[in-house]
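Q: Would you mind keeping the following structure in view while I ask a few things?
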Amino acid sequence: MESVAVSKKRALVTGGSRGIGRAISRRLAADGFHVIINYRSNRAEAEATEKLILDAGGHCELYPFDVSDRAAASDALADIVKDQPLDLLVLCAGIRSDELLVFMSEAQWDSVLSTNLASFFSVVKPAVTHMMLNRSGRIVVISSTSGESGVAGQVNYAAAKAGLIGAVKSLARESAKRGVLVNAITPGFIETDMTENVPPELIKGVPLARIGKPEEVAGVVSFLAGPDSSYITGQVIGVNGGVYM
Ligand code: NAD
């Protein structure tokens, strides 16, 4: 990573290049954070996000690494916290690979679990260690309604997202006395590449009768990163139009 002289609060957003992560990165930059935008491989999308932030007068940098690669993730985190504090981590990188369990391949199970859940160990562990030493920090994990309700065809994804909720609640208990607050957001149907094939009848079944916008998730991240959420930890906040209560 290039060394940048930064006096602003610093936030790392994994999977920050597009979709919900892009909206989160833009919102945090607008809130005054220097945003470190992680992504895996699509540099064009990441640069588009960077440009949107810079054009709006915000501060950010791009930092590609694969969250499912334990060595790469721990090297990146060590570098990110080396010289300056990390104030906020948003664990947003995620993939789906839907299939009924009876037809699911080992590769589908492994890739979804390693990207969505094992990344908690690789990325959150070094970040929270650093924050606990600093006695300050916020961690926001993007889980999913799938992990709360279960969804046919998403045994792998729902297992990973439910696992994140257990990890968030446990870590919140471990880190509270050291000033680190840890919360989860469970989005329902949000308009991104990940939901482009969702049948319209499923959206009609949402009580608010529409798909959500990435900005509606980003607003809750902004709240959980800001001063008004100082007494909130270990919580799971649904942003789902009422589809799961
Ligand atoms: P998206 O496919 O548009 O974006 C995914 C992001 O994750 C990209 O930036 C990509 O680069 C990054 N990513 C994927 N694998 C990675 C890896 N191994 N290492 C680093 N980065 C990686 O998806 P989205 O809809 O914006 O989803 C973002 C998060 O929100 C995911 O965790 C997803 O599970 C969750 N979510 C989405 C919805 C929805 O309806 N879109 C609903 C619930 C939860």
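Q: Treating each Cα of segment 37-130 as an identical point scatterer and ignoring solvent, apply the Debye formula and state log10 I(q)/I(0) at q = 0.13, 0.18 Å⁻¹.
A: Per q value, in the given order, log10 I(q)/I(0) is -0.53, -0.90.
Q: Rounded if a/c is under 1.5, else prolate if a/b is larger than b/c, else oblate: which is segment 138-232, with a ≥ b ≥ c the root eigenvalues of its Cα gyration tensor?
A: Note, shape of segment 138-232 comes out oblate.
Q: How far is helix 43-55 tilted, in degrees, relative to the longest principal axis of the Cα atoms in the chain, given as a value from 0 to 90 rounded to the nearest 10?
A: On a 0 to 90 degree scale, this one is about 60.
Q: Let me ask you something else. Where a ≥ b ≥ c are the square roots of the eigenvalues of the C-alpha gyration tensor, would you call the chain rounded, which needs a/c under 1.5, or, failing that, prolate if a/b is larger than b/c, or oblate?
A: Verdict is rounded for the chain.
Q: Return a whole-number percent for the relative contact order of segment 2-239, with Cα pairs under 8 Å and 6 or more residues apart as the contact set.
A: After rounding, I find 20 percent.
Q: Same structure again: To test your reading of the geometry: what angle, between 0 and 90 degrees and rounded to tens, separates the Cα axis of helix 19-30 from the longest principal axis of the chain?
A: So the inclination is approximately 30 degrees.
Q: Can I ask one more? Per the helix-only calculation at 222 nm, which mean residue ellipticity applies to the chain, given -39500 (n - 2.57) for every DSSP H run of n ≥ 4 and division by its residues, nearest 500 deg cm²/dmol?
A: Dividing the helical sum by the residues of the chain leaves -11500 deg cm²/dmol.
Q: How far is helix 155-175 tilted, in degrees, relative to the longest principal axis of the Cα atoms in the chain, given as a value from 0 to 90 rounded to the nearest 10?
A: 40 degrees
Q: For a 21 Å ceiling on Cα separation, which of these pairs sit above it: 9/82; 82/169; 82/125; 125/161?
A: Going by Cα-Cα distance, 82/169 fall outside the 21 Å limit.
Q: Something else about it: Carbon-plus-sulfur fraction of the accessible area of the chain, 1.4 Å probe, in percent?
A: It is 53 percent, rounded to a whole number.
Q: Another question, then. Taking the solvent-accessible surface of protein heavy atoms with a 1.4 Å probe, what is the per residue accessible area of the chain in Å²?
A: 48 Å²
Q: Using 1/(1 + (r/R0)^6) with R0 = 25 angstrom and r between the beta carbons of residue 70 and residue 133, what's the FRET efficiency to the nearest 0.05?
A: E between residue 70 and residue 133, to the nearest 0.05, is 0.70.
The values are calculated or read from the model by the stated rules, or taken from the named source; none is laboratory data. Bear in mind the structure is a predicted one, so any value in this text is a computation, not a measurement. Neighbour counts are summed over all protein chains in view; Cβ atoms, including those assigned to glycine, are modelled from backbone coordinates with ideal geometry. Note: areas computed on protein heavy atoms with side chains; ligands, DNA, RNA excluded. Shrake-Rupley method; radii C 1.70, N 1.55, O 1.52, S 1.80 Å.
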